[in-house]
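Down below is the structure, laid out as structure tokens.
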Amino acid sequence: MAALGNVTNTIEVLQKHQFHFRKKYGQNFLIDGNILEKIVNAAQITEQDCVLEIGPGIGTMTQYLAERARAVIAVEIDKGLIPILEDTLSAYRNVTIINEDILKVDIGGIVREHNGGKPIKVVANLPYYITTPIIMGLFEKHVALQGITIMVQKEVADRMQAGPGTKDYGALSLAVRYYSEPEIVSKVPASCFMPRPNVDSTVIRLTRHEKYVSAVKDEDFLFAIIRASFNQRRKTLANGLSNAGNLGIDREKAEAAIEKLGLPRTVRGETLCLEQFIELSNYLIMAEA
Ligand code: SAM
């Protein structure tokens, strides 16, 4: 089977199998070899690595990954793509194709079965309609992983990288920073895909770290505080916290915690950095006890 990553061979495969794109699955296949090289280089794949690819499509990036990694596990939801993948990847003994929904499959089980529970690398040109649940799922379930190198919609990459006080800053920015170090790898124009998406894309690498884990008393509570603070973006932090029914924090307690942090009573949640949210949630948990 010819190498993919260019227009001619992609069209040939699509015609051979009479494949019709399914919009609901966010199918935009990469047809640019330079971008594919950039992604796999950024992911720093070595021949010891086990790579999880989310949404292999017709196997374009899978071929690049299989050339470098020890093992590639490719999880694809679209049943119609499985015979195509079996064809385009027939030369590779180190690829396992799994026909499942990435949001439902037991990723921890995959890591145990294929990499003895040791950290894997995730590489994907993600289906944009479920980017955030996929990334949050990987982090929150504490899947053993070294890093995630992914193509996302440009606006999502901007939100992942944003800092306090900017319009893109929010719960996603804080979650990404809590679990990883984000770094933009490359911008990718719509012309690199077939069919062309209506949005610009960006490749971003999230290198996993554990540096905040020991500092946090209750991770679920921290993220509940963060979500409450951004629910009503234009309101003060004290309002956001005391209006969130699920937290059990009244106005007095919210203001005392804010004062303890040395912040003005009228401060807005969007100005706090991750370390301040951690301090705030730890203080509120202690006050509860
Ligand atoms: N990796 C290929 C490439 O770069 O050419 C295809 C990328 S395409 C943007 C996204 C792929 O994810 C499609 O093949 C789509 O069918 C698949 N997909 C969509 N939703 C999925 C899900 N919930 N679980 C697994 N795969 C999914």
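The values are calculated or read from the model by the stated rules, or taken from the named source; none is laboratory data. Because the structure is predicted, anything quoted here is derived from the model rather than measured. Using ideal geometry, Cβ is built from the backbone for each residue, glycine included, and neighbour counts are taken over all protein chains shown. With ligands, DNA and RNA removed, areas are computed over all heavy atoms of the protein, side chains included. Shrake-Rupley method; radii C 1.70, N 1.55, O 1.52, S 1.80 Å.
Only residues that are under 19 Å from LYS187 (Cβ atoms), outside any helix (DSSP H, G or I) and more than 12 Å from the ligand (Cβ to nearest atom) were counted across the range 1-46, and they come to 1.
Each residue in the range 97-155 was checked for being within 8 Å of the ligand (Cβ to nearest atom) and under 20 Å from PHE223 (Cβ atoms), and 3 pass. In this entry, MET160 is excluded by the filter for residues that are within 13 Å of the ligand (Cβ to nearest atom), closer than 22 Å to SER201 by Cα and open to solvent by less than 40 Å² (accessible area, probe 1.4 Å).
List, please: which pairs have Cβ atoms under 8 Å, are six or more places apart or on different chains, and start with a residue in the range 40-58 that is farther than 12 Å from VAL75 by Cβ and end with one that is of a type in the set (Phe, Trp, Tyr)? Pairs found: VAL40/TYR64; ILE58/PHE19; ILE58/PHE29.
Which residues, taken from the range 204-230, are open to solvent by 10 Å² or more (accessible area, probe 1.4 Å), β-branched (Val, Ile, Thr) and closer than 30 Å to ASN34 by Cβ?
We begin by selecting, within the range 204-230, every residue open to solvent by 10 Å² or more (accessible area, probe 1.4 Å); these are 205, 207-221, 223-224, 227, 230.
Of the ones still in play, those that are also β-branched (Val, Ile, Thr) are 207, 213, 216.
THR207, the sole residue that qualifies.
Condition check for LEU65 on (1) more than 21 Å from the chain's Cα centre (by Cα); (2) open to solvent by less than 30 Å² (accessible area, probe 1.4 Å); (3) closer than 19 Å to VAL185 by Cβ: one failure, at (1). Taken together, the residues in the range 30-52 that are under 24 Å from ARG93 (Cβ atoms) and open to solvent by less than 30 Å² (accessible area, probe 1.4 Å) amount to 11. Residue count for the range 88-113 satisfying the condition of being part of a helix (DSSP H, G or I) and loosely packed, with under 15 Cβ neighbours inside 10 Å: 4. Remark: pairs (first residue in the range 219-230, within 11 Å of ILE278 (Cβ to Cβ); second residue open to solvent by less than 30 Å² (accessible area, probe 1.4 Å) and among the β-branched types (Val, Ile, Thr); Cβ separation under 6 Å; 6+ apart in sequence or on different chains) = LEU222/VAL216. Would you check if there is a residue in the range 192-212 being modelled with pLDDT of 95 or more, more than 22 Å from the chain's Cα centre (by Cα), closer than 26 Å to GLN161 by Cα and assigned to a helix (DSSP H, G or I)? Looking through the range 192-212, none of the residues is modelled with pLDDT of 95 or more, more than 22 Å from the chain's Cα centre (by Cα), closer than 26 Å to GLN161 by Cα and assigned to a helix (DSSP H, G or I). Quick test of your reading of the structure: SER201 fulfils all but one of (1) among the polar types (S, T, N, Q); (2) surrounded by fewer than 18 Cβ atoms within 10 Å (Cβ to Cβ); (3) touching a residue at least 40 places away in the same chain (Cβ under 8 Å). Name the failing condition by number. If we test SER201 against (1) among the polar types (S, T, N, Q); (2) surrounded by fewer than 18 Cβ atoms within 10 Å (Cβ to Cβ); (3) touching a residue at least 40 places away in the same chain (Cβ under 8 Å), just (2) comes out false. Scanning the range 114-143 for residues that are assigned to a loop (DSSP other than H, G, I, E, B) and either out of contact with any strand residue (DSSP E or B) (no Cβ under 7 Å at 6 or more places or on another chain) or open to solvent by 10 Å² or more (accessible area, probe 1.4 Å) (or both) yields GLY116, GLY117, LYS118, PRO119, PRO127, LYS141, HIS142, VAL143. In the range 75-86, of all residues being free of Cβ contacts under 8 Å to residues at least 60 places away in the same chain and more than 9 Å from the ligand (Cβ to nearest atom), the one that is least open to solvent (accessible area, probe 1.4 Å) corresponds to LEU85. Within this structure, VAL72 fails the test of being under 21 Å from ARG208 (Cα atoms), in contact (Cβ under 8 Å) with a residue 40 or more places away in the chain and within 14 Å of the ligand (Cβ to nearest atom).
Residue-wise test of (1) surrounded by 14 or more Cβ atoms within 10 Å (Cβ to Cβ); (2) closer than 20 Å to ALA162 by Cβ; (3) modelled with pLDDT under 95.
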residue	(1), (2), (3)
GLN232	yes, yes, yes
ALA244	yes, no, yes
GLY248	no, no, yes
ARG251	no, no, yes
ILE258	yes, no, no
THR266	no, no, yes
GLU288	no, no, yes
